[in-house]
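Here's the structure, in structure tokens; my notes come after.
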Amino acid sequence: MSDTNANSTVAFVRHDTIPEREPPLGERGLIKWLRENLFSSVTNGVLTVLSLWAIYLILAASLPWLLNGIWDAPSIRDCRTILDGARGGCFAVLTERWNQLLFGFQYPSDQYWRPTLAFILLFVAFAPVMFYKLPRKLLIMTAVYPFLGYWLIWGGSIWVPVFAAGGFVAGYMVYRQFITRSFAIAFFGAIVGAFVFWWIADFITPVLANLIPIELEFVKSRQVGGFMLNMILGVVCLSLALPLGIILALGRQSSMPIIKWICVVFIEFVRGVPLITLLFVANVVLAYFLPPEANFDLVVRVIIMITLFAAAYIAEVIRGGLAALPTGQYEAADSLGLDYPQSMRLIILPQALKISIPGIVNVAVGLFKDTTLVSVISMFDLVGMIRGPILSSTDWNGVYWELFGFAALLFFIMCYGISQYSQWLERQLATDHR
Amino acid sequence: MSDTAAKVEAKASAISDQVAIEIQNMNKWYGTFHVLRDIDLTVYQGERIVVCGPSGSGKSTLIRCINALEEHQAGSITVDGTLLSSDLKNIDKIRSEVGMVFQHFNLFPHLTILENCTLAPIWVRKIPKKEAEETAMHFLTKVKIPEQADKYPGQLSGGQQQRVAIARSLCMRPRIMLFDEPTSALDPEMIKEVLDTMIELAEEGMTMICVTHEMGFARQVADRVIFMDQGQIVEQNEPEPFFNDPKSDRTKLFLSQILGH
Ligand SMILES: Nc1ncnc2c1ncn2[C@@H]1O[C@H](COP(=O)(O)OP(=O)(O)OP(=O)(O)O)[C@@H](O)[C@H]1O
Ligand SMILES: [Mg+2]
């Protein structure tokens with residue numbers, strides 16, 4: 001054997017294993033990474049250097065401004081005195097007007113705990129909806145929250161939200177009673193049931209409120225402002241717009257021409273009109289049409305308008321999701337004997353909504369930022385507060401960067417959170433293994 | 001020879017004289033296109049029927065009319081004593097009695113195999129979840145994939161998916177099964193596993209209508225073979241005479257093409 005080995009130059013047998021060695025210096029660790037990612041070609045290298053330079057310029061301008069900032073001063077003039085010509089932000093406006101930025105300038109200051117508590121509970125209420133692996137019992141909190149949240153922020157007698165909730169329960173009970181017979185009877189019966197309940201409750205509420213007075217100080221809608229108003233508008237409008245958008249999308253697919261026609265006209269009309277126009281309508285025009293005694297709260301009117309606006313967009317996004325499903329899914333659901341509501345709820349919508357998540361998030365983020373438009377119809381949301389009471393005060397006239405930077409940061413945090421959640425959700429729901 | 005005779009014997013005895021599906025003078029149009037013309041067909045309980053015919057002849061349309069996935073415009077279809085009308089109650093009732101297996105499986109990709117199988121029993125038949133799961137496991141075992149129950153459809157091969165689709169239909173305990181070319185989207189090596197499942201089902205006496213071009217399957221299990229062309233039933237007969245001695249020229253032509261004579 002060794003013979004052949006020695007004689008032949010072609011045959012080869014290895015008897016020892018080559019020990020592992022590290023790659024050459026230029027091929028490992030940081031150097032390799034830098035070379036591959038930042039300096040892989042001349043153009044790439046030049047771009048890297050230019051980018052670093054740009055980053056340096058931005059940091060050089062903003063870091064001193066951030067780090068050297070004044071957090072404690074009664075007015076912009078004092079800020080300037082303290083800074084004495086040095087570069088630095090006047091963040092004192094944030095600390096001094098913190099409560100105004102968050103709650104508006106008219107919310108009673110001894111009641112700030114209420115919206116704060118409502119904000120914390122908001123997460124408890126949303127958790128079981130957002131994380132479907134949490135125990136389903138927590139959904140009770142979600143169902144209670146709209147009424148609890150209303151009561152915490154606006155206050156008044158507790159019996160108002162209790163009876164409002166009671167109307168829904170009454171409607172649901174009527175629905176349960178008739179659903180075995182027919183969906184239509186159950187649906188309209190539920191609406192009638194709820195309204196009868198509210199009509200009766202209208203008489204009982206004042207009596208009960210006198211007998212058992214559990215109440216919080218009542219806050220008028222005009223007094224609600226600051227970032228709280230943005231949060232209220234964003235959360236409420238989105239929660240309402242999503243189901244409404246689903247209904248509109250399904251309606252647009254309906255085989256019943258009248259329903260289809262109504263949905264198409266609605267969607268196309270609302271999408272064709274700027275939101276700001278709708279807000280002006282809510283502010284001014286609606287007042288002409290509604291009877292004078294129908295003292296419709298401005299916040300409610302704005303909520304309705306933003307909801308309709310967002311619903312139209314969400315409907316179109318979901319329609320795309322519905323269209324992307326193969327007809328085989330509808331046929332399979334039908335062939336198993338599922339009725340329309342069942343096949344929509346169990347088969348079609350879960351898949352269509354999953355496809356639509358990126359689009360819905362797009363609308364959600366846009367809607368949340370658009371809530372600042374209410375400042376144009378003289379409501380004092382975060383931007384309204386900044387542009388109005390704060391910037392026009394003699395103390396803080398001129399601190400644009402700090403204030404608007406703060407507003408941007410708050411909105412960025414919220415929107416980035418929504419976006420991260422949606423990406424997580426998409427990964428969770430990825431079951432098709434394509 | 002005596003073997004086949006025994007088989008025919010066994011077949012004949014499985015068929016009862018109870019009518020499962022009765023189609024009378026049924027016509028269907030797509031717009032102005034007359035897809036199905038004067039269809040008359042009576043299927044008895046326990047009968048196994050294979051439908052074949054050239055592409056576009058209306059085979060799919062015919063069996064989709066039976067569970068109202070397609071609407072017919074004239075004539076009548078009675079399934080298990082229930083007349084198919086536009087009444088939604090009747091339609092849902094018929095659909096829950098009639099299982100359907102599609103060419104492209106149409107499993108629900110967002111649900112696990114087990115959930116695919118228990119969904120309709122739970123929501124349509126109102127069976128408790130526990131019991132529905134037991135039934136599902138029974139049928140998944142029957143189609144030989146109980147170990148896949150917790151996977152998603154996207155993780156299975158085509159043949160496995162089609163067997164799940166069959167199990168899903170069986171979980172509703174249907175009285176009639178419809179198959180629309182169940183093997184034509186499958187690779188050759190997977191066709192056999194699906195056909196075996198169908199043969200087993202046929203041997204248990206399930207009433208079946210299969211649209212298929214698997215002539216071996218037709219010979220082995222069919223009680224009757226129906227040949228369709230241009231929306232009409234052109235010829236129907238027991239498999240032996242149908243394949244060995246077709247009467248119509250169109251059948252002869254079709255058979256010569258499909259059997260490669
Ligand atoms: N939704 C529809 N609208 C209009 N025409 C249709 C529709 N579906 C099918 N058709 C036509 O009806 C005829 C019958 O179709 P069908 O699907 O029943 O044929 P098939 O016998 O199943 O054919 P294949 O073997 O290719 O599946 C074909 O000519 C087809 O083009
Ligand atoms: Mg077909």
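The values are calculated or read from the model by the stated rules, or taken from the named source; none is laboratory data. Keep in mind the model is a prediction, meaning the values are calculated, not measured. FYI the Cβ positions are ideal-geometry reconstructions off the backbone, even for glycines, and counts take in every protein chain you see. Side chains are part of the model used for accessible areas, which takes the heavy atoms of the whole protein and leaves out ligands, DNA and RNA. Shrake-Rupley method; radii C 1.70, N 1.55, O 1.52, S 1.80 Å.
The calculated 222 nm mean residue ellipticity attributable to helices in chain A amounts to -22000 deg cm²/dmol, summing -39500 (n - 2.57) over DSSP H runs of n ≥ 4 and dividing by all residues. At a threshold of 40 Å², the residues of the range A:336-376 that become less accessible to a 1.4 Å probe in the full protein assembly than in their chain on its own are A:LEU336, A:GLY337, A:LEU338, A:GLN342, A:LEU346, A:ILE347, A:GLN351. Shown in residue order for the range A:309-323 are the 3J(HN,Hα) couplings computed by the Karplus curve 6.51 cos²θ - 1.76 cosθ + 1.60 at θ = phi - 60°: 4, 5, 4, 4, 5, 4, 4, 5, 4, 5, 4, x, x, 5, 5 Hz (x for Gly and Pro). Calculated on C-alpha atoms, the gyration radius of the range A:371-434 divided by its Kirkwood radius gives an Rg/Rh of 1.28. Look at where the Cα atoms of the range A:93-148 and of the range A:302-323 average out, and the two centres are 25 Å apart. Rounded to the nearest 20 debye, the dipole magnitude of the range B:83-182 is 240 debye, with +1 charges on Lys and Arg beta carbons, -1 on Asp and Glu beta carbons, and the Cα centre as origin. Annotation: extensible slack from A:LEU211 through A:LEU138 equals 23.1 nm (criterion: 0.36 nm per residue apart, minus Cα-Cα distance). Across the range A:43-53, rounded Karplus estimates of 3J(HN,Hα) from the backbone phi angles (6.51 cos²θ - 1.76 cosθ + 1.60, θ = phi - 60°) give 4, 4, x, 4, 4, 4, 4, 4, 5, 4, 4 Hz, Gly and Pro being marked x. Taking 7 Å steps out from each Cα toward its Cβ at B:GLU134 and A:VAL13 produces label points 6.7 nm apart. Phi angles across the range B:139-153 convert, under the Karplus curve 6.51 cos²θ - 1.76 cosθ + 1.60 with θ = phi - 60°, into 3J(HN,Hα) values of 6, 5, 5, 5, 8, 6, 9, x, 6, 8, 3, 9, 7, 9, x Hz, Gly and Pro given as x. Placing unit charges on the Cβ atoms of the charged side chains and taking the dipole of the protein assembly as shown about its Cα centre, the candidate lying farthest along the positive direction among A:ALA364, B:GLN257, A:GLY328 is A:ALA364.
A simple count of charges around A:GLU268, restricted to other residues whose Cβ falls under 15 Å of its Cβ and scoring Lys, Arg +1 and Asp, Glu -1, yields +3. Spin-label model, A:LYS260/B:GLU200: points 7 Å from Cα along the beta carbon direction are separated by 4.4 nm. Looking at chain B as a GNM with Cα springs under 10 Å, which of B:PHE243, B:PHE33, B:PHE139 has the largest mean-square fluctuation? Top of the fluctuation ranking is B:PHE33.
Electrostatic bookkeeping for A:GLU331 treats Lys and Arg as +1 and Asp and Glu as -1; over the other residues with beta carbon under 15 Å from its beta carbon, the sum is -4.
Of A:LEU101, A:LEU57, A:LEU216, the residue with the greatest mean-square motion in the GNM of chain A, using alpha carbon springs below 10 Å, is A:LEU57.
Pairwise alpha-carbon distances in the range A:160-203 exceed 12 Å for 53% of all pairs.
Ranking A:TRP33, A:SER51, A:PRO19 by Cα position along the charge dipole of the range A:1-67, where only Lys, Arg, Asp and Glu carry charges on their C-beta atoms, puts A:SER51 farthest toward the positive end. For the range A:1-67, the spread of Cα positions along the three principal axes, ordered from largest to smallest, is 81, 27, 11 Å. Between the amide H of B:VAL51 and those of B:CYS210, B:VAL211, B:THR212, B:ILE226, distances stay under 5 Å, these residues lying 5 or more places away or on another chain, with hydrogens modeled in the peptide plane.
Each Lys and Arg adds +1 at its Cβ and each Asp and Glu adds -1 at its Cβ; summed about the Cα centre, the protein assembly as shown shows a dipole of about 1480 debye. Within chain B, the percentage of alpha carbon pairs spaced more than 34 angstrom apart rounds to 17%. The calculated 222 nm mean residue ellipticity attributable to helices in chain B amounts to -12500 deg cm²/dmol, summing -39500 (n - 2.57) over DSSP H runs of n ≥ 4 and dividing by all residues.
Here the extension length gained between A:SER182 and A:LEU121 equals 18.2 nm, from 0.36 nm per residue of separation less the Cα-Cα distance. A cut-off under 13 angstrom between Cβ atoms defines the neighbours of A:TRP71, and their net charge, with Lys, Arg +1 and Asp, Glu -1, is -3. Hull volume per residue, based on the alpha-carbon atoms of the range A:316-413 and their convex hull, is 113 Å³. Express in whole angstrom the spacing between the alpha-carbon centres of the range A:352-382 and the range A:8-22. After rounding, the separation between the Cα centres reads 67 Å. Extension gain for A:THR327-A:SER378 works out to 13.4 nm (0.36 nm per residue, less the C-alpha to C-alpha distance). Sorting the Cα pairs of the protein assembly as shown by distance into bins of 10 Å, from 0 upward, gives 2, 10, 17, 17, 14, 13, 11, 8, 4, 2, 0, 0 percent per bin. Less than 5 angstrom separates the built amide H of B:ILE176 from those of B:GLY99, all sequence-distant by 5 or more or on a different chain.
Stokes-Einstein diffusion coefficient for the range A:119-183 at 10 °C in a medium of 1.306 mPa s, Rh from the Kirkwood formula over Cα pairs: what value in µm²/s? Translational D for this selection: 118 µm²/s. About its Cα centre, the dipole of the range A:1-67 is roughly 280 debye, where the only charges are +1 on Lys and Arg Cβ and -1 on Asp and Glu Cβ. If R0 is 22 Å, what FRET efficiency do you get for A:SER40 and A:PHE412 from their C-beta distance, rounded to 0.05? Once the sixth-power term is evaluated, E becomes 0.10. Interface area, chains B and A: about 2000 Å² of buried accessible surface, summed, with a 1.4 Å probe and ligands, DNA and RNA left out. Bridges between two residues of the protein assembly as shown, per DSSP, are antiparallel at a rate of about 55%.
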